[in-house]
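Structure, as C-alpha cells:
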Amino acid sequence: MFMVPPAELQDVARCADEAGWHCLQVADAPFFPETTSVPYPYTPDGSRFWPLDMPVLDPWVAITAMAVATKRIRFMTSVLRLAVRQPLLEAKSLFSVAALADDRVTLGVGLAWMPEEFKWLHVDMKTRGARQDEAIQVVRLLMSGGMQEFHGKHFDFDRLIMAPVPKKKLPIYVGGTTPPAMRRAARLGDGWVSIIHNKADVAGVIAELNGYRREYGRDKEPFDIMLHCPDADSVDDIRRLEDLGVTDLQVTPWSVPGIMAEMGVGTLLQQQPPLDVKREAIRRYADKIIAKFR
C-alpha cells in the first residue's frame, strides 16, 4: 500500500476484504530527507524510486482508517522502523489500533536505513540492532498484560501497566535480508518478512533462515515466512513456494506480471493505475489465485 493515495485506502481495503485477501501491508516513513548520506539499499543504483513529497500516512492512522471500514482482513506494518521509535509509545499505538480492529494487526518491524533518521530523531544508529532487540522484547512483554517491568541497556522502566492489551497474541514479524536481520527474525520473531525474490532464489534464502532457527532451537516452533516473488504468477508456482516453506506471499495485483527481482521493488510499486483498475485487479487475482487455496 506504500504508494496508494491516502484517499483510496479505505476503498482498496473494502475491496480486498470482500474479495477474500488475508492482509494489507502499510509502510512507515516519518519523513524523507532532501538528500541522504547513504544509498537506498533496495534499488540497483541506490536511488529512491518515489517522489519525496508523496503523501505517506502514519501507519497507525492508516490502519485505523482501513480497519473501521472492513470486517475481516488483517493489517501489517511493513515495516515499522522500531529502532528509531520509543517502544512504550509504539506498544500503546499498536494495542490501541488492535482494540479498534479486533486484533486484526500484525507488527512487522525493521531497522531504519537512513542515518538522517537516527540523527534527527536523536537516536544512536550504532546501537540500532540492540535497540530493536530490546524494543521487540518490550512490546511482547507488555502484550501479556498486567504489571510489567523491563531493565535493559537501552530501555529501562519499573512496574507499569498498559491497557487495553490485545485479547490474543499479535504476531511480530522481523524484516531484513542481511544475516543479522535474519538471525533476529529466527531468534525473536513469529515470522520473517523479506523483500522481492525470484523463484530460483527462494529455496536458498529459506534454507539460510531455517539454519538460524535451528541454531536458536526454534525450528520446531510455528514460524511464518513472507516474501514477494513476482515471477510466481501461477497456482503451481505458488504451491511450489508453499512446499519450500513460504506461508505468506506478498502481491501487488495491479502490477505487470512476471517482473523479476532485478528490476526492483520500485518498479512494482510505481505502477499506480486508477482506483477502478486496482479494484478489478484485486478481484481478478482473488478469483484466479486465492480461491484455489481456500
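All other residues with a Cβ under 12 Å from the Cβ of residue 237 taken together, and with Lys, Arg as +1 and Asp, Glu as -1, what is their net charge?
Residues near residue 237 contribute -1 overall.
Taking amide H positions as placed in the peptide plane 1.01 Å from N, state which residues far from residue 74 in sequence (5 or more) or on other chains have amide H under 5 Å from it.
Counting only residues 5 or more places away or on other chains, the set is 23, 24.
Expected output is a single nm value to one decimal: the length gained when fully extending between residue 157 and residue 58, i.e. 0.36 nm times separation in residues minus the C-alpha distance. What is it?
33.0 nm
Cut-off 15 Å, label point 7 angstrom out along Cα-to-Cβ of residue 71: give me the residues of the stretch 5-22 whose amide nitrogen falls inside.
Zone members listed by number: 14-21.
Report the charge-dipole magnitude of the stretch 177-250 in Debye, nearest 20, computed about the Cα centre from +1 at each Lys and Arg Cβ and -1 at each Asp and Glu Cβ.
Magnitude of the dipole: close to 440 debye.
Counting only C-alpha contacts under 8 Å and six or more residues apart, can you give the relative contact order of the chain as a whole percent?
Averaging sequence separation for qualifying contacts and normalising by length gives 17 percent for the chain.
Going down the list 71/92; 126/220; 71/292; 92/126, which pairs span over 24 Å between their C-alpha atoms?
From the list (71/92; 126/220; 71/292; 92/126), the Cα-Cα distance tops 24 Å for 126/220; 92/126.
Starting from 0.36 nm per residue, how many nanometres of slack lie between residue 99 and residue 35 once their C-alpha separation is accounted for?
Net length gain for the segment: 19.2 nm.
At R0 = 45 Å, how high is the FRET efficiency between residue 240 and residue 121 if r is their beta carbon distance? Nearest 0.05 is fine.
Here the calculated transfer efficiency is 0.60.
Please check which bits of the stretch 205-242 a label hung off residue 292 would reach, taking the label as a point 7 Å along Cα-to-C-beta and the cut-off as backbone N under 16 Å.
Output list for this probe position: 229-242.
Can you work out D for the stretch 1-114 in µm² s⁻¹ from Stokes-Einstein, where Rh is the Kirkwood radius over C-alpha pairs, the temperature is 25 °C and the viscosity is 0.890 mPa s?
The Stokes-Einstein estimate is 163 µm²/s.
Mind ordering 194-202, 75-83 by average Cβ neighbours within 10 Å, highest first?
Taking the mean over residues of other Cβ atoms within 10 Å, the ranking is 75-83, 194-202.
Quick one: of the DSSP bridges fully inside the chain, what percent are antiparallel, nearest 5?
So the antiparallel bridges amount to about 10 percent of the total.
Can you work out the FRET efficiency for the pair residue 187 and residue 144, with r the C-beta to C-beta distance and R0 = 25 Å, to the nearest 0.05?
0.85
I'd like the projected area of the chain, averaged over all directions, using the convex hull of its alpha carbons. Report it in nm² with one decimal.
Mean orientational projected area (the chain, Cα hull): 15.0 nm².
Sort 237-250, 177-190 for me by packing, meaning the mean count of neighbouring Cβ atoms within 10 Å per residue, highest on top.
Sorting 237-250, 177-190 by mean packing, highest first, produces 177-190, 237-250.
Every number in this text was worked out from the coordinates using simple rules, so none of it is lab data. Fair warning: this is a prediction, and the values are worked out from it, not measured in the lab. Backbone-built Cβ (ideal geometry, glycine too); neighbour counts: all protein chains shown.
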